[in-house]
Every structure is written in structure tokens, then in C-alpha cells.
Amino acid sequence: MIRHRPSGSGHPYSDDTEQRSPVQPVAGEPLRIGARTSADVDAVTLELRIDQGAVREVPLDRVARSSRGQAVDGGHLASAQARTARSAGGWEVVLDAPEAGSAIEYRLVALADDRPQATRWFRTRSAGWRPASDGELQVDGSAVEVDPAGVAVLDDGERIHRIRFSLPLQPGEHVTGFGERYDALDHRGETLDSVVFEQYKSQGEHRRTYLPMPFAHVIGGEGWGFHVRTSRRVWFDVGRSRDDRLAVEAEVDAAPGERSILSLGLYAGPPTAVLEAFVAETGRPEALPDWVFGLWASGNEWNTQAEVERQMALHREHRIPVRNVVIEAWSDEKTFTIFRDAECTVREDGAPMRLGDFTFPAEGAWPDPKGMVDDLHAHDVRVHLWQIPLMKLRPHPTGQAAADARAAIEAGVLIRETAPGGELRPYRNRGWWFPLSLMPDLTDERAAEWWTEKRRYLVEEIGIDGFKTDGGEHAWGEGLVYLDGSTGAESNNRFPVAYAAAYGKLLASAGKAPVTFSRAGFTGSGAHGAFWAGDENSTWDALRWSMLAGLSASSCGIVYWGWDIAGFSGPIPDPELYVRAMAASVFVPIMQYHSEFNHHRLPSNDRTPWNIAERFDDPAVIDEVRALVELRERLVPYLAASAERAVSASVPLMRPLCFDHPLDERVWDKPVQWMLGDALLVAPVLEPGAVSWPVYLPAGEWIEARTGARFDGGRVVDVDVVERASVPVFVASQHWEGVRELFG
């Protein structure tokens, strides 16, 4: 066996053994052609022809085999992380790509037991950079000048594949935004890109994100911002190669001579003006109900009705007010529409079911879902169900799952890909999580309705209040084909936006608020529900990374944002990290804790306050968390009013200090501080063992919320944080009378 896939699996950060890289050859640059073979292959040869010339044979070298980047980052689950090393069977050759415009044809031939095996012939063209023609880059706005002489396109004579240009950077300017970013607030001196990617944990270290946007603020001086108006991948060199230039390179697909192959929006003014221009163009957030600001609670091991009811009762017993419960492990995890253990007659046509179609055995995991939801509502708790936009095909589906898969194929509602023979076939998920699953095309209105109607009974009859729209990053590969004819290069980044929008539309059609809770997104996501920072370990690093993620996401129009308090995975957080993280989360838009599935091993890894208290024999944790959640409850009216302003005036609910003080250089020295609304300055404790914490106060008069002490701004003050439930909060003096009662 010999296999070659020019584009590989579509992993954006790691080349597969059997791919061509770069996929688009560039004249004069190295071109790697790889293959994967069965173990019986002794040699592999490349047969190469340039511009219909003679075929040249080039031997390949044996290399260690990799697949889908697993040797780089391991994948979503811990079990997948262990599958990093792959057996031998990889081959490659590295050539210099021929001159621009050259036609390249090649195939790979393997020798096994003296019998040759060959791939089909593959064809591509070598491209080269040339100066852009007038009009190929459309620039709207005059905040800064794009040097026309610096605009270039990557042209192979038949198609233009990329365009690049640069924007000026002045001394003292800082660049922030680019969607949700975990590693820094100011990205000057860095390189980054915009592609939706599932980076499982350590996002700040790997500098990859679930929620990128090709949009940023340039703060300092006059102030401006920009938006590269594309859903394709864009790369940014933010003053790294040249300190005075922000270089941009974007994927495009155009014929030579086309005008406006890429549009760039330039916005002048301070950060709020720049953000207003951006959201007016890409989608304005919608105000969500006040209850989203209450505590959210969940755990992957809350996978029965009895356990959910027990955990909610424990909140009441410990007098910790909870407003939302997210039930992740509720479904059969085959359909993601049917409660586990529910019985029904298979509907072969895959049509939506109603509550009356199900029987819920008394001895099953969920004997009375509607009764459970009704009871939780009676206790003022809203219920959210976990979702994945996939149809599992491993293990081989049976029952309703099999019928749904057949119906989806027949109805033509799936994302497709091009098979080696050229025909279209359903795309099979290439990621490590639920591999080989089918994926509905939720960017298509008809397909999205087909998908969400199967969940209508959950909303209208059982009473579900929202959905955790997880896993929006499973569309891999530029060669995917969406129902509107667009490719993966165009629409993979758009998918998570459409995913949340589809579920929001379902909820709204049932008369409910469009409350979705997503981790993946892109430009336009701010208009659709709430978000959390994705999967992370329980570490102090993750706490810092997550706060940066929230600030950068908020800078790009995400109003309702949260994280898994103190991390959801790995060793359970100790009381200091847990309480410090809980204290910080009082002052972020969404306050929620969550824990990973641990196979019900004891001791429990739940992130509930009583479990932390029991695990570390530290009963004070419960009292501390109770006081913090009670403070959060008092803050709800303030948060709701501030969110209304964020929606109407693009003044982020949780915003970096540079928004209010764009000319103050010192705000960048303490990047993990923020304004929550217009009154509160928050500076969470981010290191263990702290007894005091330095807080930078910008210009103005500030009042420490806990003590009432007054301070003039423009300086750093040290705050006593001996009590681990304390978090430094200062109030702008003009707002003191309006909020002082909130702090007791």
C-alpha cells in the first residue's frame, strides 16, 4: 500500500507524512512530497514531470511517520495524547519548486516484494510573488496608509493564492485583539494567524485558539484598528520582522486580473470607536437574560438524573446560590438528541421526535427528564444540554443513530469532501475526538433546520433553556465542500459561528432567549450567545492564560465570556488556587465551574466547593465560596445594566484598561487587570502564596471596594490579599455611591 494526499489531513499546524508541503508550491522554495506505505514496502520513487517534459525519477528517503499532528499536541483526550509515536512507514523527498507558472505532475511508486504499486498522477502549479495590480486589494478607510508598492500576490498563472501587504506601526503603539488569545494582551513583536483550532489545554503555551478573528486594535497615538474581511486563513507579523511594520498575508482564490480579491477595513479612533465600527459590520451582540450572570455549575460525572438532583440539592444545603446547570453526559452520545437509556421506536426517516415518542425506564439514568427540569426551574435553576455537531459512526451505529446517519446522507445535509476518484462523499471528521463522524453543514439554512428540529422537543416539551454548543472546530481541510459550493478554505472558520446561530434560532423560535455556550468561534461570533475559554488544566498558568483570553475576546466584541473556574482537567486544584480563581470569576461576565470525566474513580475530581473542602480537609472553602457567590448575586443587576451598554455602545463589559486609558503606557505593565462595567477595576491574584498584590490605578480617584480607602490614580498600590477569597477591586469614585452597598 502507498498513500499520498496533497493536502494531508488539514491540520493547520503540522504536516502529515503523506502530504505535499507547502500544498501550494512556491518558486525557488523547498517543496516536500511525502508518502505513507505499508510495512512491506522497500523503496519509493517519485516520478516527476515539469511542463510536459520528460519524466524524472527521484528516490524518496524513509522518515518517521506522523499523522494529524499528534506528535505535536496529542489531540483532545488524554488517551489520544498517548498515541503520539507511529510505526515506520513514512517516506519523503525535498525539491526546489520550479519557476512560477510551471505545471507540475507527479506520482509515487512503491516497490514491495518486487511488485510496484503506484498512486494516481497529481497535478499542481508553481506560484511566484509579483506586485499586485491596481484594485486587487480593496482598502476601505484612511486611518493609516497602505503602501501600494508593498502589496504583492502569489500567482501561478492561473490562480492567485495569497495576497500580502503591510501596515505602519509607530513607536509606542500596542496591538491587541485577534480574537480570543491566551498568551499576551499586546501582540507587538509576535507572529500569529487566524484559523479555528482545537488546542486541548496549554493554549497560552502553544499560542493557538478556538476563537480567532482577523481583527485588531492599534492603541496609542491617534488610535486605529483593522479588519481583514475574509473567512480564510490570515497570517500576521506584528512588528516581529520589522518593528515599524505589521505584515499581513491572507489566503485568497482568484483569477489573475480580478479586482477586489481581498477587502481591508481600516477604522480610526479610540478602541470603543474601532470596536463599534467592527461590530456594526460583523454583527451586534444580543442582550441575554439576567440569569446568565448567576453561577453556572457542571461536572462530566453528573451523568444521571439522580446525580444532577443530588448536586443541586448540595448547593441548596450549603446555601450556595446556583442559577444554571450544564448537563454534559446526558445523551446516548450517538444521536445527541436522546437521553441515555430512553426507549423509542426507530424512526427510519430520521424525522424529529416528540417527548411522547420516548419511554424513560424507572431504572434508567434519566427516569423523568421533564420532571427533573420542572423541579430545577422551581428552584430558579436553568438547564443547558451539551451538544456536538457530529454524527458518530464509531463504533458502528445502530438504532436511531444509524437511521439518522442514513437520513442525513439521503437528505443531503452533510459537509462533503472530494474522494480520490473525484466524486463527492460525506466528510468524515479527521480530528481525534469522535473520529470519522459525519458533520452537518450548519452554515446552510435547510441543513441547520434539519439538525435543530430534532432537538425541538428538548426545548418546547422538556423545557431546556440553552445548549452548550461544544466542538465547533471539527471541520478540517481546505478541500471540504459545503452545500453552497464553498470550500473548507472559505467556510471552516465560518462553521462555529453558524453552529451557535442555528441553536440560538431554535431557542428563539420557541420563545426563549438564544443562550448558547460555545468555545469555538470566528468573526461574527459576538452576536451569538456566550463563550468559555475551552479546556484547561487546574494550574496557575491556566488561570493567567484564561484571563488574557477573556480580555482579548472582549476586545473583539464577545460580551458574555467565562472559563472553567480553576481549570476542569488534571489534578484537582488546591484550595488556594480554587478560591483565588473563584474570587476572580466573580468579576468576569460568566461565572462557571466544570470538571472532566474521571470514570467515577475515587476520590472524586469534581470541582464543587464541598469536594475541594473534603479532598483537602479544608471546610473554610465552602464558606469562602458561599460569600463569593453571594457577592456575585448582588452584582447581577450591575452586570446586566453594564451588558446592555456593552451591546448598545460597544463598551466591553470586561475590558482591558487600555480601552479607557489608551494613552497611558503603564496599563500595559499590568495586562491582567480590567474594568468590569464603568465602575469596577479588577486585579485578580495570579500567583500562589501572595499576601499583597500590586495594582496599577490609572488617572482619577479610586476607592478600594473592601475598605473604602481612597487613592489618587497614576500609581501602583499594594493591596492586602492575605485572605485567599479577597480580590483587589477598586471603584471609580464617581460611581461609588451607586455600588458601595454591593460590597457590604
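No lab work stands behind these numbers, since they all come straight from the coordinates. Everything numeric here is computed off the predicted structure, so don't read it as measured data. Neighbour counts run over all protein chains shown; Cβ positions are idealised from the backbone, glycine included.
Quick notes
- Estimated from the Cβ-Cβ distance and a Förster radius of 56 angstrom, the FRET efficiency linking D678 and R120 is about 0.35.
- Between the listed residues A725, V346, V218, the Cα displaced farthest toward the positive end of the dipole of the chain, a dipole computed from Cβ unit charges relative to the Cα centre, is found at V346.
- Of the trypsin sites (Lys or Arg not before Pro) found in segment 102-150, those in coil by DSSP whose Cβ has at most 13 other Cβ atoms within 10 Å are R120.
- Once C-alpha pairs closer than 8 Å and six or more residues apart are averaged by separation and normalised to the residue number of segment 314-442, the relative contact order reads 25 percent.
- Listing V58, V26 from fewest to most neighbouring C-beta atoms within 10 Å gives V58, V26.
- Restriction of the trypsin sites (Lys or Arg not before Pro) in segment 565-626 to DSSP coil positions whose beta-carbon has at most 12 other beta-carbons within 10 angstrom yields R601.
- Over the chain, dividing the summed -39,500 (n - 2.57) contributions of all DSSP H runs of at least 4 residues by the number of residues returns a 222 nm mean residue ellipticity of -6500 deg cm²/dmol.
- Prolate/oblate/rounded label for the chain (Cα gyration tensor, a/c 1.5): oblate
- Length-normalised contact order for segment 113-238 - Cα pairs under 8 Å, 6+ apart - percent: 20 percent
- The ranking of V252, V63, V383 from fewest to most other beta carbons within 10 Å of each one's beta carbon is V63, V252, V383.
- Label zone at V716 (point 7 Å along Cα-to-Cβ), backbone N below 14 Å, segment 652-684: 666-673
- Lys, Arg +1 and Asp, Glu -1 on Cβ, resulting dipole of the chain about Cα centre, debye, nearest 20: 1060 debye
- Across the chain, Cα pairs under 8 Å and at least six residues apart give a relative contact order of 11 percent.
- Once the Cα-Cα distance is subtracted from the 0.36 nm per residue extended length, the L95 to R310 segment shows a gain of 71.0 nm.
- Across K201/K454; K392/K454; K468/K670, pairs whose alpha-carbon gap is larger than 23 Å: K201/K454; K468/K670
- Exposed loop sites, defined as GluC sites (Glu not before Pro) outside DSSP H, G, I, E and B with at most 10 other Cβ atoms within 10 Å, are absent from the longest region of the chain, namely 424-744.
- Size of electric dipole in segment 255-337: Cβ of Lys, Arg +1 and of Asp, Glu -1, about Cα centre, debye, nearest 20: 200 debye
- Positive-end ranking of L390, V481, T37 along the dipole of the chain, with charges on Cβ about the Cα centre, is headed by T37.
- Applying a DSSP loop filter and a limit of 12 other Cβ atoms within 10 Å to the trypsin sites (Lys or Arg not before Pro) in segment 177-263 leaves R242, R259.
- Shape category assigned to segment 654-743 from the gyration tensor of Cα positions, a/c cut at 1.5: oblate
- Global form of segment 108-242, assessed from the alpha-carbon gyration tensor, a/c cut-off 1.5: oblate
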